[in-house]
Each structure stands twice: as C-alpha cells, then as structure tokens.
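**Student:** Next up is a structure, given as structure tokens.
The values are calculated or read from the model by the stated rules, or taken from the named source; none is laboratory data. Owing to the predicted nature of the structure, the values given are computational and were not obtained by experimental measurement. As a convention, Cβ positions derive from the backbone with ideal geometry for all residues, glycine included, and neighbour counts pool all protein chains shown. These area figures cover heavy atoms from the full protein model, side chains too; ligands, DNA and RNA do not enter into them. Shrake-Rupley method; radii C 1.70, N 1.55, O 1.52, S 1.80 Å.
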Amino acid sequence: MTDVLFIQPPIPSPSRLYAKDHVMTAPPIALGYLASSIIRRGYDADIIDLEVQDMNVQELREVVIACDPGLLGLSTTTLTYKNALRLASMLREAVPDAKIVLGGSHVTFHDREALENEQVDYVLRGEAEGSIASLADYVLQSHGSLRDIQGLCFRKADGSVQRNPRSNLLDQLDSLPYPARHLLPLHMYSAPGLIITGRGCQGRCIFCAAKGIAGSRYRLRSPSDVVEEVESMRSAFGLNYFYFGDDTFTAVPARTREICSELIRRDLNIHWMCETRVDTVDKETLQAMRDAGCKIVQFGAESGSQKILDSIRKGIKLDNLRRMLDAALEIGLLPTCSFMLPHPRDTWETLEETKDFVSELHGKGVRTAVSVTTPFPGTYLSRHLNSLGLRLINEDTDQYDFSTPVIETTNFDQWDIREIYMDMVLLSLGGCPTIGIEQKSLIAEIE
Amino acid sequence: MIIGCDEMNQENIARRKPRRTTEIWKLSRENNTITALGPDGLIELNQLGAFLWLRFDGLHSLSDILIELGDLYPEVQPAQLQTDLSEFFSYLRSQRLVVSTWDPLEGVCMNKGRQPS
Ligand code: B12
Ligand code: SF4
C-alpha cells in the first residue's frame, strides 16, 4: 500500500515512438519534489513516469491496484493534459476510493475546466510542495479543511467550484528536501542529472509560461545547497553529467560563479549543461562555468531580427548575443541557440533574417534548434491572440507539441508555417528536429 | 487489405485510423506534393501520396479514405484502389512514417516494461 502515488502521463504524439532514441528525456523533478514533501510529512510516496516506463494500460492498472493509494497525483503540461484526464478516468475505475489531484503548468491556468471532468477531485495551482502535504493530511487522515489548502480548487457539495488563493511562492528554496530521486527510474533517462537551482524569471517574453508558473522574481538556492545536492546525486546515483534546468541558470552571475567555485573546491569533476540568457551572463562567468565542467550552454535566441526580438519582448540585442556566443566558443563551450517561429509580427523578410542568422551561427560552430510558436496557457500570447493578429486553428492540446502549427498569424497560414518550420529544421540540424535531439547527441559526444 | 497486422480481420483493418508519426512536413502548393522528415530521413510524396498523407491524421479510417479515393478516381476499379492504398500504407509503415492506429495513452506504452520502484 502506498499513501500517495504520483504519475507523469505519457506524451500523446506518435512521434514519441521513434523520437525516443534521439530526444532528450529528463526525470519529472516536480514529482520528485512533491514526493519528498509527502515523505517528510510521514507518508509513503511512489512515482510512475509513463514517459519512459513502458507499461500498457492493463499493467498500469494492476500496479496501481496493488499500490492501493489513498491519493493519486497527475502532472500536466498542455501537451500531456488530455492524457492525464484519460489516465484519471481509468484510475477512478481501478481504485475508486482514491482521490485524484491534478497539478502542473496546464491546470494551473485551466483549473475550472479540469474540474468539469468528474474523474478529477482536486486541482492544485502553482507551486505545490506545501499544499500537497496538507491535501494528503486531509485525504488520508481527515485532518484540516480543504478551504485552508492554498491553491486548491475543488467542487463543493452544491457542485460549484471553490477556488482557494494560490500559495505564496516559496522564498526559502534551501528549506525544501531534495527531490525523491530514489523513486525515479534514473537509468531510463538520457539526462538523468536534472537539477533545479532556482525558480522564477524576470524576463517578459510573450510566448513563455515560466513566470506565470514560477513567478517573475528570481528565487535562488544558495550555492552550498546546490553543490550539496550535486554531490549527493553523484554519490547516491553515480551521476556525473548534470543538467541545470533552471529557466536562467545565470540569473545572478556572481552566484553562478560561486556555484562554480564550490564545484571546483569540492573537486567533483563533473560535466554539465545549462540554459542562460545573454543579458545575464558575461565572459568571466562563462569562463568560470567552463572551469567547473560546463560543456553546453543554451541561449534562447528566438529570432534573427532585432525588430522581432523587440516585439516579443525578449529583451536581448543580437550584437550582444553574437559577442557572448563568440566568447563561449573561444572559451571552449558548446553553445546552442533555440529559435521559435513564426512570431506574431514575422514576415518573409524577417524570417530570411533569421535564416541568415542561423547560417551565420552554424559557420561559427554554434548549434541551433527550432520550434513552432505555440500559445501555452499563462502566456501573454495566449491572452492576446486577437490583438496580436493571431487565429487559433487547433484546440486539440494533444497536438501542442511545438511542431504542429496551432495558430495562424497575419502573415502566415498553417501551410506557410509548416514550410518555414521544416526548412528551418533542415537548415538547423540537418535532420535532427529538436533541441532535445541536439542536446542528446551532444551529451553522447561528451560522455 | 494487408497492412502488416495479419491477425486482424478485414473489417477491423478498414476501421483503423492511421496516424503519421512526424509533424515535420510541408505541402508544396504549386504541385500538391509533400516532403516529410521521418525517423529515417526525408521522403517526397506525389499528389496522390499527399492526399493520403493529409488523411493519415488519426481521424480518418481506411474505409473512409477508400470512399474518398473512389470519389476522386471514379474510373478506377475499387479493388485496384484498395490495393494501391494498401501498398502505399505498407510503404509508409516500412519507413516508420505512419502507424496503423494510434491511442495516445496505450500506443506509447507498447512494450512490456518495468514496475515502479
Ligand atoms: C526542465 C524542463 C523540461 C525538461 C524536463 C521535463 C520533465 N521531465 O520534468 C525537458 C527538456 C525534458 C522538457 C520537455 C518539455 N517541456 Co519543459 N520545461 C522545463 C522547465 C524549464 C522546468 C520544469 C521544472 O522542473 N521546474 C521545477 C519544478 C519544481 O517546478 P514545476 O515543474 O512547475 O512543478 C511545480 C508545480 O507546477 C506543481 N506541479 C507540477 N506537477 C504537479 C503534479 C501534481 C499532482 C501537483 C499537485 C502539482 C504539480 O508543483 C511543482 C512543485 O512546486 C519548465 C519551465 C518552468 N519554469 O516551469 C519548462 C516547461 C514546463 N516545458 C514546457 C514545454 C512546452 C515542454 C515540451 C512540450 C517541449 C517539447 N516539445 O519538447 C516538452 C514536453 C514535456 C512534457 N512531458 O509534457 C513548457 C510547458 C508549457 C505548458 N503549458 O505546457 C514550460 C513551462 C516552458 C515554458 N517556458 O513555457 N521540459
Ligand atoms: S523565455 Fe526564458 S527569459 Fe523569457 S520569460 Fe521565459 S524563461 Fe524567462
């Protein structure tokens, strides 16, 4: 018997069947954090990750019946939302006494809609480490009141929806227990060493959901706590390649350098990759990162047109990006740049600029990846479709996979978008269609 | 119609709704052809191939597609159309560009796997 069972639903697209060999997979660290909170509260927890654990529905059913959980937690992104609902239906039937809660980046913004599905008992919006433990108290011990659980949405007896205010964002991230990685099948991921050193982003990029989920203020763990976790991951699981998955690992460069010094001081001898923003990094920091084992640095470039970058509020200058990429290459890092298209104001001309920029980067040895602009919930883009001249043409979230056009812009219909996306994919990677593929092949090169 | 699932009977097969496995493809509006990037590389499809590709979206069944094909090519014998469709489908399948049916939940968890820890 397990008190709380968390499940990461599988990605619904068939591309996944073959992408498996190429695309980067990483453990659902959010579920690791939630499981740790549950364990800290004195309950049992387990995690099933259907993204990597091959299990058919019948096998899953048997496993869940054997676990007999009191509370089932399903994580959602927009892409996996419908699979979470499908799983919830199946689980309701398999273990009718278990309560089912959904959380994650999709339902944080679509809680009411999620609760229209009778197989969903609760939705927890936003960060949930504190609330999930209180919900477990309520469900497993009949302790406390649903109304006091921050971020919780539930149906009241009269059928109306009660929506508690979202929890305050955690300020003291150091106080959180490390994610329960022992519950995750780490050997099944291409990037098992995912670690999050901070939450939130001060960027205002119109296509990004990060700040809606994690807040528009950087909340950073202390360097010693971060390195302590790295060390424990190394000793407990034998990991030596790490993926700092923060939105902006270099949010505060001085703190990034401190992490690097600490990694060197402890002589951990690890390799790692991270994501950064060109306006929060400098040569000194890049050098410190290289010295501390960093191999790959990913920059969000998004477009090769300054005019477009300004229109999407990316807040970066192309010249600055060029300078930082040159610096990274000179230092011996492998920079990658991610692009998105089409942006609302993109024209054939601005896309030509992007293509030229991508070719220029390839000439220097920078790798690139591209995805189709998608209006995820919680983004400026999704809230301002009309005023940005965008038409929603596909509401099937099973297809919100960053490759399928789901909006048309003033200048491009879906057939144009397919064409420019494909051309850019071919230009970018000569057959490797996502940043995941790119990063995975890079990981393979390094290891 | 033989589409690689020999154990299935004809009726079941006709009800199947094939689904392409890649969303990286483009349609040439000049000559109605399609270029797709699959797991094994690039592939070009002629007009008829493009017509079928657009319908391999997991929503159209093979029997519905056959009816549409019949409307499009009334001069061709239905048996011939069926063979053509079957051969094209098998070809795409061999290129890993299409699956004969797709359930977003079941389909991804096809192989026997490990139990949770
Ligand atoms: C690292 C990361 C990845 C990694 C690892 C993913 C993984 N296995 O966890 C990789 C590279 C593999 C990845 C892949 C993708 N990602 Co991603 N990813 C992130 C990133 C940068 C950090 C996520 C993270 O771990 N944060 C730290 C944890 C602690 O926070 P959290 O995930 O928000 O979880 C908290 C709450 O949301 C909540 N919660 C989460 N799950 C649950 C479940 C329950 C039951 C409860 C109660 C609460 C709850 O509690 C958690 C703890 O407080 C976020 C950006 C961001 N800032 O969120 C994007 C982000 C989540 N990804 C995004 C996308 C689009 C994708 C892809 C679809 C891209 C693609 N086509 O390849 C894929 C598919 C992922 C999927 N399974 O659907 C979008 C999601 C937008 C949306 N609405 O769907 C985000 C928000 C990026 C963005 N800027 O828009 N991703
Ligand atoms: S794209 Fe990056 S920099 Fe922009 S808001 Fe999102 S996380 Fe921040």
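**Student:** Take the alpha carbon atoms of the stretch A:308-373, find their center, do the same for the stretch A:174-251, and report the distance between the two centers in whole angstrom.
**Tutor:** Taking the Cα centre of the stretch A:174-251 as reference, the centre of the stretch A:308-373 is 25 Å away.
**Student:** Continuing with this model, one more query. Let me check I've understood the local charge: for A:VAL278, count other residues with C-beta under 13 angstrom from its C-beta, Lys and Arg +1, Asp and Glu -1. What total comes out?
**Tutor:** Taking every other residue near A:VAL278 into account, the sum is 0.
**Student:** Shifting gears a bit: Would you mind putting A:406-419, A:101-114 in packing order, based on average other-beta-carbon counts within 10 Å, highest first? Could you put the intermediate results ahead of the total?
**Tutor:** Numbers: A:406-419: 18.6, A:101-114: 23.2.
My ranking of the peptides, most packed first, is A:101-114, A:406-419.
**Student:** Report the calculated FRET efficiency for A:SER145 and A:HIS271 (r = Cβ-Cβ distance, R0 = 60 Å), to the nearest 0.05.
**Tutor:** Rounded to the nearest 0.05, the efficiency is 0.80.
**Student:** On the protein heavy atoms, probe 1.4 angstrom, tell me the percent of accessible surface of the stretch A:67-136 carried by carbon and sulfur.
**Tutor:** Exposed carbon and sulfur together represent 47 percent of the surface.
**Student:** Continuing with this model, one more query. Just the number, please: carbon plus sulfur as a percent of the accessible area of the stretch A:354-414, 1.4 Å probe, no ligands or DNA/RNA counted.
**Tutor:** Taking all protein chains in place, the stretch A:354-414 shows 44 percent carbon and sulfur surface.
**Student:** Name the residues of the stretch A:410-425 whose accessible area falls by at least 50 Å² when all protein chains are present instead of the chain alone, probe 1.4 Å?
**Tutor:** Listed in order, they are A:TRP415, A:ARG418, A:MET422.
**Student:** Within chain A, what percent of beta bridges assigned by DSSP are antiparallel, to the nearest 5?
**Tutor:** On the way: 10 of 50 bridges.
That works out to approximately 20 percent antiparallel.
**Student:** Let me ask another. I'd like the distance separating the alpha-carbon centroids of the stretch A:96-135 and the stretch A:30-54, in whole Å.
**Tutor:** The stretch A:96-135 and the stretch A:30-54 have Cα centres separated by 15 Å.
**Student:** Here's a follow-up. For n ≥ 4 DSSP H runs only, could you compute -39500 (n - 2.57) per run for the protein assembly as shown, divide by its residues and tell me the 222 nm figure to the nearest 500?
**Tutor:** Computed ellipticity for the protein assembly as shown at 222 nm equals -11500 deg cm²/dmol.
**Student:** Let me ask something else. How big is the accessible area of B:SER63 in square angstrom, nearest 10, if you roll a 1.4 angstrom probe over the protein chains?
**Tutor:** For B:SER63, solvent-accessible area is about 40 Å².
**Student:** Still on this structure, I have one more. Ballpark to the nearest 100 Å², how much total accessible area do B and A bury together, probe 1.4 Å?
**Tutor:** The summed interface area works out to 3400 Å².
**Student:** List the residues of the stretch A:1-35 whose accessible area drops by at least 40 Å² when all protein chains are present, compared with their chain alone, using a 1.4 Å probe and counting only protein heavy atoms.
**Tutor:** Those are A:PRO14, A:LEU17, A:TYR18, which lose 40 Å² or more relative to the chain on its own.
**Student:** Please check the stretch B:24-49 for residues whose accessible area, probe 1.4 Å, is lower by 40 Å² or more when all protein chains are in place than in their chain alone.
**Tutor:** By number: B:ILE24, B:TRP25, B:LYS26, B:LEU27, B:ARG29, B:LEU37.
**Student:** What ratio of Cα Rg to 2.2 N^0.38 Å holds for the protein assembly as shown?
**Tutor:** With N residues counted in the protein assembly as shown, Rg over 2.2 N^0.38 Å equals 1.00.
**Student:** Could you give the accessible area per residue of the protein assembly as shown, probe 1.4 Å, as a whole number in Å²?
**Tutor:** Counting only protein heavy atoms, the per-residue value for the protein assembly as shown is 41 Å².
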